[in-house]
Amino acid sequence: MSVRITCIKKSNGYHQDPHHAISELGWTNEQTNQTGRSTRLEMYDWIKNKNGVASVTDARENNARVGSREHANGTQYVQTYADGVWTDNLLALPECR
């Protein structure tokens with residue numbers, strides 16, 4: 001299964017601050033049009049351990065793949081990866097409502 005991440009939710013509304021972790025990600029399965037939400041840890045596990053594929057599409061229709069990462073302090077999270085570089089495309093998404 002492949003999903004497109006469509007929105008994010010961050011604690012206390014610190015949407016553009018990369019130091020506050022994303023708590024939830026909204027997504028759409030583009031094959032079935034199913035939508036849903038997953039916690040950061042659910043999405044991390046799905047990508048890392050269950051061969052899940054997630055991406056983000058920007059305003060110019062460019063796609064960036066979402067990968068699983070782990071901070072030096074042990075925090076597991078997801079981040080976009082484009083053109084060989086880890087990027088912050090997730091932070092440009094709207095807040096999930």
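The values are calculated or read from the model by the stated rules, or taken from the named source; none is laboratory data. Note that the structure is a prediction, hence the values are computed from the model and not measured. Note that each Cβ is placed from the backbone with ideal geometry, even for glycine, and that neighbours are counted across all protein chains shown. Calculation scope for accessible area: heavy atoms of the full protein, side chains included, ligands and nucleic acids excluded. Shrake-Rupley method; radii C 1.70, N 1.55, O 1.52, S 1.80 Å.
Residues in the chain average 62 Å² of solvent-accessible surface per residue, probe 1.4 Å, ligands and nucleic acids excluded. Percent of Cα pairs in the chain per distance bin of 5 Å, from zero to the largest separation: 2, 14, 25, 29, 20, 8, 2, 0. If you run the Gaussian network model on the chain, springs between alpha carbon atoms under 10 Å, then out of Ala54, Ala72, Ala64 the most flexible one is Ala72. Among Thr75, Thr35, Thr87, the largest mean-square fluctuation in a Gaussian network model of the chain (Cα springs under 10 Å) belongs to Thr75.
For the options Asn49, Asn33, Asn73, a Gaussian network treatment of the chain with springs between C-alpha atoms closer than 10 Å singles out Asn73 as fluctuating the most. When the Cα gyration tensor is reduced to axis lengths a ≥ b ≥ c, the ratio a/c is 1.5 or higher for the range 26-72, and with a/b not above b/c it is classed as oblate. Taking label positions 7 Å along the Cα-Cβ direction at both Ala82 and Glu61, the computed distance is 1.5 nm, reported to one decimal.
Within a straight-line Cα-Cα reach of under 18 Å, Lys50 can be paired with the following aspartates and glutamates, leaving aside sequence neighbours fewer than 8 residues apart in one chain: Glu42, Glu70.
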